[in-house]
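Only one structure is covered here, and it is reproduced in the block below.
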Amino acid sequence: MRELVVQVSFALYAALTLGGAVWAVTAKSLVRALLGLTLSLMGVAALYVLIAAPLVALMQILIYVGAVVVLIFFAIMLTRAQAEQEEAGARDAGRTLRAGAAGLVVAGLLAAACLRHGPKIAGTAVEVPPSDIGAAFLGPYVLGFEVISVVLFAAMAGAVVLAFERRKPR
Amino acid sequence: MNGSSLAAVAPELLRLGVGLLALVGFIAANGMLLLYVERKVAGHVQRRPGPFEVGPHGLLQAFADAGKLVGKQLATPAGADGLLFWAAPLMAFMPVPLMFIAIPFGENLFGLQTNLGLVLILSFAGFNVLALCLAGWGSNNKWSLLGAARAVSQAVAYEIPLLLSVLAVALMCGSLDLRQLAGSQGGWPWQWNVAVQPLAFFIYFVCAVAETNRAPFDLAEAESELTAGVHTEYSGMGNGIFFLAEYANMIVVGCVATALFLGGSQGPFAPGPWWFLAKMYLLVTLVIFMRWTYPRVRFDQLLNLNWRWLMPLALVNLLATALAVKLAG
């Protein structure tokens, strides 16, 4: 029973993720593409819940849907696209075919690698409490954690520099 | 497979289902109640009685309003993207019942047992901004678009001090579980977190009012300059669902403040859900009073208040809390 529920929900979430991604790529209007991206991100969040990682799932929603998608929306508003306008030009069949083939090659390689060399799938995923995740970040993985903070700090400093640079010429 | 494996899944699922259903009822009932309270408060603040004709003291006015909203025609503006236009109110409302499931109304009165309740509420609260964006964009109306642009910059800005102030309390108690956070406080007001973290409570409250787009921070609506901002083109229940979501968000904000800062369902003499509801409704009434007391701020004032005052204060507060926790522990 439980296994069936998990399998059905996996199929649903995978369909949501892939369907959203396809919509994001094929939509003619930028905001509709963004909605597709949001659906895809939600599907990924649901998959995280399925592997008993609710903290990662909630962070995915908090950061991607709550912040990144909204920022992309802000960028779209700056492009002065019209609400009824279709931004994408006419599609060229050969190009679609080539892009599809390129995507399939990467997906196929990844799938083959995962199927052949992937670790054995654990029977039941165990949920790790958030305090353990925090302890791991500040214990064995502290170097990576701090490097990420440095990268973020550099990005923030760069953004500030760029913003002031543009303001100067007046 | 057999009965035992079904039973292993069923109790949590049953609790979740019943909880969600009850919470949707709770939200709808509260929408009606708060609509009445808001109109009454607005009336008395402006020295008039408010709704008075439908039922005794206008008690049934909310039902009449709901009937009117449901009965109205749903119009999609010409040249608008119908899909985005109608996805927006749905996206504003659908995450709301999910936010409620982690709220501990009482010792055993909650929808879902999770050690991430706080993160759950904060993450689903982000959908509201996206809904306002879609509404503004899908309406094909320049006022709506301006409202959406304001909503984005406001929500992105105020989310940061809100998270930081909540984080200070979570750090102090060492948990993200709302039940545990509420339970770690005592019954009397001086044992509540608000006595230890008054600055965090103040920052949280201001940011929460801004995040729910309530006056004096309702720049996304701003009827004096943007007609009704993102809500301009919505008629009937389209508008009604946005209002329902707004009231429900106010209640969520009040519930989180109660659980984090005001001791949750703890209270003098007889702890229980009634204390939780009393504190929550007190906060919500305060928010309603603020709307009818203060004039709307200007947009630059709104952003300056956040970036120049609330954000540094929240950061200092978090640092001080971390230091105090480290020294005490």
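At a glance:
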{"item": "In order through segment B:234-250: 3J(HN,Hα) via Karplus (6.51 cos²θ - 1.76 cosθ + 1.60), integer Hz, x for Gly, Pro", "result": "8, 10, x, 6, x, 5, x, 5, 4, 5, 4, 5, 5, 5, 4, 5, 4"}
{"item": "Karplus (6.51, -1.76, 1.60) ³J(HN,Hα), θ = phi - 60°, over segment A:63-73, in Hz, Gly and Pro reported as x", "result": "7, 6, 6, x, 10, 5, 4, 5, 5, 4, 4"}
{"item": "Chain B - charge dipole about Cα centre, Lys and Arg +1 at Cβ, Asp and Glu -1, debye rounded to 20", "result": "480 debye"}
{"item": "Partner lysines for B:K72 [C-alpha distance under 25 Å; skip if fewer than 8 residues away on the same chain]", "result": "B:K40, B:K142"}
{"item": "Dipole magnitude of segment B:189-326, debye to nearest 20 (Cβ charges: Lys/Arg +1, Asp/Glu -1, about Cα centre)", "result": "560 debye"}
{"item": "Among A:149-159, A:125-135, the order from most to least packed when residues are scored by Cβ within 10 Å on average", "result": "A:125-135, A:149-159"}
{"item": "For the protein assembly as shown: rounded, prolate or oblate by the Cα gyration tensor [a/c cutoff 1.5]", "result": "rounded"}
{"item": "Mean ellipticity per residue at 222 nm, deg cm²/dmol - from DSSP H runs of n ≥ 4 across chain A, formula -39500 (n - 2.57)", "result": "-24500 deg cm²/dmol"}
{"item": "Nearest-ten-degree value, helix B:3-45 long axis tilted from longest Cα axis of chain B", "result": "60 degrees"}
{"item": "Share of Cα-Cα pairs in segment B:77-328 lying beyond 23 Å, as whole percent", "result": "51 percent"}
{"item": "Estimated inter-spin distance, A:V151 and B:A195, nm [label 7 Å along Cα→Cβ]", "result": "4.6 nm"}
{"item": "3J(HN,Hα) from dihedral phi, segment A:135-143, Karplus parametrisation 6.51/-1.76/1.60, rounded to Hz, x for glycine, proline", "result": "5, 5, 4, 8, x, x, 9, 5, 5"}
{"item": "Student exercise, the protein assembly as shown dipole from Lys, Arg, Asp, Glu Cβ charges, in Debye to nearest 20", "result": "640 debye"}
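Values quoted throughout were computed directly from the atomic coordinates according to the rules given, and no laboratory measurement underlies them. From a predicted model like this one, the values you see are computed outputs, not experimental measurements. Quick reminder, even Gly has a Cβ in these numbers, built from the backbone with ideal geometry, and neighbours come from all protein chains shown.
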